[in-house]
1. Is it the case that the stretch 67-74 has a residue that's out of contact with any helix residue (DSSP H, G or I) (no Cβ under 9 Å at 6 or more places or on another chain) and outside any loop (DSSP other than H, G, I, E, B)?
2. Mind listing just one residue for me: the one in the stretch 57-74 that is in contact with a strand residue (DSSP E or B) (Cβ under 8 Å, 6 or more places away or on another chain) and touching a residue at least 24 places away in the same chain (Cβ under 8 Å) and, of those, nearest to residue 112 (Cα to Cα)?
3. Within the stretch 99-114, how many residues turn out to be farther than 15 Å from residue 76 by Cβ and touching a residue at least 40 places away in the same chain (Cβ under 8 Å)?
4. Would you confirm whether or not the stretch 39-60 contains a residue that is buried (at least 16 other Cβ atoms within 10 Å of the Cβ) and hydroxyl-bearing (Ser, Thr, Tyr)?
5. Do you know which residues across the stretch 76-100 are hydrophobic (A, V, I, L, M, F, W, C) and in contact with a Gly (Cβ under 6 Å, 6 or more places away or on another chain)?
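What follows is calculated from the coordinates using simple rules that are stated; it is not laboratory data. Because the structure is a prediction, the values reported are computed rather than measured. Virtual Cβ from ideal backbone geometry, glycine too; neighbours counted across all protein chains shown.
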Amino acid sequence: MTSAESISSGWNICRTSILALIVQFFLATGDMSCTFKRPEPQPRPSGVPQSAGWVNGKQSGFYLDCTAGEKTNTCTVYSGTGRIEASGQYRLAGYNRAATRTELVYEWFDGDYIFLADNKRLEPVGPLKWVP
């Protein structure tokens, strides 16, 4: 075996070991946030419209309710207890239009963006109005 082959073989072993350590870290820490879904409160709190969908957030879950407009969507964020947390205007990122009713399949809310199914997201048009 030449020294170049030896170095290449060593690098492959090192790369495989690093990948194995990363996988073990995520398994050991239980960080499965990409698949973990917080349960929706039961029963649905009063004041939360039936059209609102339950999504995960950074710290807790939220209900989201967006209307389908022509240029923007008006979205309201509700807490798990039914309290209005924020509202604002959104548009479909990369399309410069509102999401249609069929595109409004909520997946995640990070406090700014609303992530939808099919790798789409709504971006705020201006600041959100957070309720103190």
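1. Scanning the stretch 67-74, I find at least one residue that is out of contact with any helix residue (DSSP H, G or I) (no Cβ under 9 Å at 6 or more places or on another chain) and outside any loop (DSSP other than H, G, I, E, B), so the answer is yes.
2. 57
3. Number of matching residues: 4.
4. no
5. Narrowing the stretch 76-100 to residues hydrophobic (A, V, I, L, M, F, W, C): 77, 84, 86, 92-93, 98-99.
Hit for the stretch 76-100 is 98, nothing else.
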